[in-house]
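Here is the structure we will look at, set down as structure tokens.
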Amino acid sequence: MSRPDADELLLDAEADVRPSPQGAAARRALLAHPVLLLAGIVLASLNMRAALASVSPLVGEISAAFGLSSTATSLVTSVPVLFLGVGALVAPGLARRLGTERVLLGALLLLAAGILVRVLPSVYALYGGGVLVGTAIALLNVLMPGLIKRDFPDRAASMTSVYTGAMIAGATVVAAASVPLERAFGGSWAASLAFWSLLAAVAAVVWLPQVLIARGRTGHEVRAAAGRGAGRGVWRSALAWQVTLFMGLQSLWSYVLIAWMPTIFTDQGMSRSTAGVVFAFNNLIQVAGAFLVPLLAGRMRGQRPLVVLVTSLVATGYVGLMVAPVAGAWLWAAVLGVGQGGAVGLALTLIVLRSGDAVTASRLSGMAQTVGYLLAAAGPLAAGAVHEATGTWTVPIALVLGVCGAALAVGLMAARDRKV
């Protein structure tokens, strides 16, 4: 099997829609301003993990402020992840109805609002803001790759690097800066979290011209004729469920770390600022796996060795967190980072490699993201509840190791050279 073209690794939520002449003219007008479009993509991508990464280093202070149990605290990160799945359901329909540019602008404004709602002095606002944040990030997750594929078909590889690099950079900077910002704002965790609404607001301002340029395009699209059988039956396909479960299980182990990694370190005596920096390093190192593993996957007929590699790395890192969390913190953060980045890159690549056409890939992506994130949302919640019940991180980590075993099993099936 030959390596797929770079643009095949980007899934378009509007794969079964083609523009009319008016729509094509609007797209040419957009591309006449490439610097503005590039700035909008970079700033939007910076926001795609930032609002999630900002919470973890401060979760202890948030919990203390509201008197939350470990289980209730885990909902602070589980609720946004849950709505990553819910938002993935509605994103394609909104893009077809309103236009991708307009929906992306709305997502950035919703994200800024959600971040501010989340810091209001109410536990209901804390969770309600998480709903808004998760929905907004879901829209960005689903629509940004398709926009890049649509507007930069001849530069997909370089634009994908820009997009993923900005996304990881945003998470890294935010994770490292959350505790210092809290101290700069006089010990206010709320001010530290609220600060990042500015990043979303600036991105929205830069994105606004794209909406104005493209405003004549909305409503001019016409439905493209799908190929015979294209996109049918993904929900009834065993292979599609294997790909979906691998996506969900690898997301679960990652969101457990997003929710609890700094807490695991601080519970063993590490300072909050150091824990935040180690967590930021974990985010940064993910770019290595996310870049290399898809390249390797595209050159292989079957991807079973890569499934074994990424699950083994993640399992090794979790074992390290269990037996020597502070002494080996930087090593475990690196091992986990490569495994996490490689796993998400492999999961997204499997969606393309197991699909026979663009429409099937788009629908399989929607299935995998919806079910996968709904499954992943249970991870932080379950880890927090088990930690509260046992008073230790040993049992929650042991359960995640079981998740690694399940991911290995379904991943080996999903990695076979077959088509949905």
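The values are calculated or read from the model by the stated rules, or taken from the named source; none is laboratory data. Predicted model, so just to flag it, every value in this text is computed and none were measured. Cβ placement follows ideal geometry from the backbone for every residue including glycine, while neighbour counts extend to all protein chains displayed. These accessible areas exclude ligands, DNA and RNA; they are computed on the full protein's heavy atoms, side chains included. Shrake-Rupley method; radii C 1.70, N 1.55, O 1.52, S 1.80 Å.
Just order 294-305, 309-320 by mean Cβ neighbour count inside 10 Å, highest at the front, would you? Write out the running numbers ahead of the final one.
Numbers: 294-305: 17.6, 309-320: 21.7.
Descending packing order for the listed peptides: 309-320, 294-305.
Compute the Cα gyration tensor for the chain, then decide on rounded, prolate or oblate, letting a ≥ b ≥ c be the square roots of its eigenvalues: rounded whenever a/c is under 1.5, prolate when a/b is larger than b/c in the other cases, and oblate in all that remain. Before the final figure, lay out the partial values.
Working: a/c = 1.88, a/b = 1.26, b/c = 1.49.
Because a/c hits 1.5 or more and a/b fails to exceed b/c, the chain counts as oblate.
Under 1.5 on a/c is rounded, so check that first for segment 70-114, then, if it is not, pick prolate when a/b is larger than b/c and oblate when it is not; a ≥ b ≥ c are the square roots of the alpha carbon gyration tensor eigenvalues. Please report the intermediate quantities before stating the final value.
Values: a/c = 5.84, a/b = 2.08, b/c = 2.82.
Oblate.
Can you tell me which of 241-249, 112-120 comes out highest on packing, and rank the rest after it, using the mean Cβ neighbours within 10 Å? It would help to have the intermediate numbers written out before the result.
Numbers: 241-249: 26.0, 112-120: 21.6.
The peptides rank, most packed first, as 241-249, 112-120.
What share of all Cα pairs of segment 278-420, in percent, falls into each consecutive 10 Å distance bin?
Values per bin, smallest distances first: 12, 36, 36, 13, 3.
Please give the contour-minus-distance gain from residue 418 to residue 89: 0.36 nm per residue of separation, less the Cα-Cα distance, rounded to one decimal in nm. Mind dumping the intermediate values first?
Working: separation 329, 0.36 × 329 = 118.44 nm, distance 2.57 nm.
Answer, rounded to one decimal: 115.9 nm.
At 7 Å along the Cα-to-beta-carbon direction for both residue 301 and residue 162, put a label point, then send me their distance in nm to one decimal.
Reported label-point gap for residue 301 and residue 162 is 3.8 nm.
Give me the percent relative contact order of the chain, please, defined on Cα pairs under 8 angstrom at least 6 residues apart. Can you show the working numbers first?
Details: 751 pairs, mean separation 117.5, N = 420.
It comes to 28 percent, rounded to a whole number.
Add +1 for every Lys or Arg and -1 for every Asp or Glu among the other residues with Cβ under 14 Å from the Cβ of residue 188, and state the total. Don't skip to the end; give the middle numbers.
On the way: positive: 118, 183; negative: 61, 182.
Combined, the nearby Lys, Arg, Asp and Glu give 0.
Over the chain, give the accessible area per residue in Å² for a 1.4 Å probe, as an integer.
Working: 15660 Å² over 420 residues.
That works out to 37 Å² for each residue.
Evaluate the distance, in nm, between pseudo-label points positioned 7 Å from the Cα of residue 288 and of residue 125 along their respective Cα→Cβ axes.
Each label point lies 7 Å from its Cα, and together they span 4.2 nm.
In whole percent, and with a 1.4 Å probe on the protein chains, what portion of the accessible area of the chain is carbon and sulfur?
Working: 10560 of 15660 Å².
For the chain, the apolar C and S fraction of the accessible surface comes to 67 percent.
³J(HN,Hα) across segment 326-333 via Karplus (A = 6.51, B = -1.76, C = 1.60, θ = phi - 60°), whole Hz, x for Gly/Pro?
8, 4, x, 3, 5, 5, 5, 4
For the peptides 266-276, 381-391, 43-53, what is the packing order when you average, over each peptide's residues, the other Cβ atoms within 10 Å and list the highest mean first? Mind showing how you got there, number by number?
On the way: 266-276: 17.2, 381-391: 18.8, 43-53: 24.5.
Answer by packing, highest mean first, reads 43-53, 381-391, 266-276.
Hey, can you grab everything whose amide H is under 5 Å from the amide H of residue 420? Only 5+ residues off in sequence or another chain; H modelled, so Pro and N-termini drop out.
Under 5 Å from the amide H of residue 420 lie the amide H atoms of 355, 356, each far enough along the sequence or on another chain.
Looking at the square roots a ≥ b ≥ c of the eigenvalues of the Cα gyration tensor of segment 285-329, which shape do they give, rounded for a/c under 1.5, prolate if a/b is larger than b/c, or oblate? Mind dumping the intermediate values first?
Working: a/c = 6.29, a/b = 2.15, b/c = 2.92.
Taking the square roots of the gyration eigenvalues as a ≥ b ≥ c, segment 285-329 is oblate.
In segment 354-384, which residues have a backbone nitrogen under 19 Å from the label point lying 7 Å from residue 66's Cα in the Cα-to-Cβ direction?
377-384
Rounding to the nearest 10 and keeping the result within 0 to 90°, find how far the Cα-based axis of helix 394-414 lies from the longest principal axis of the chain.
20 degrees
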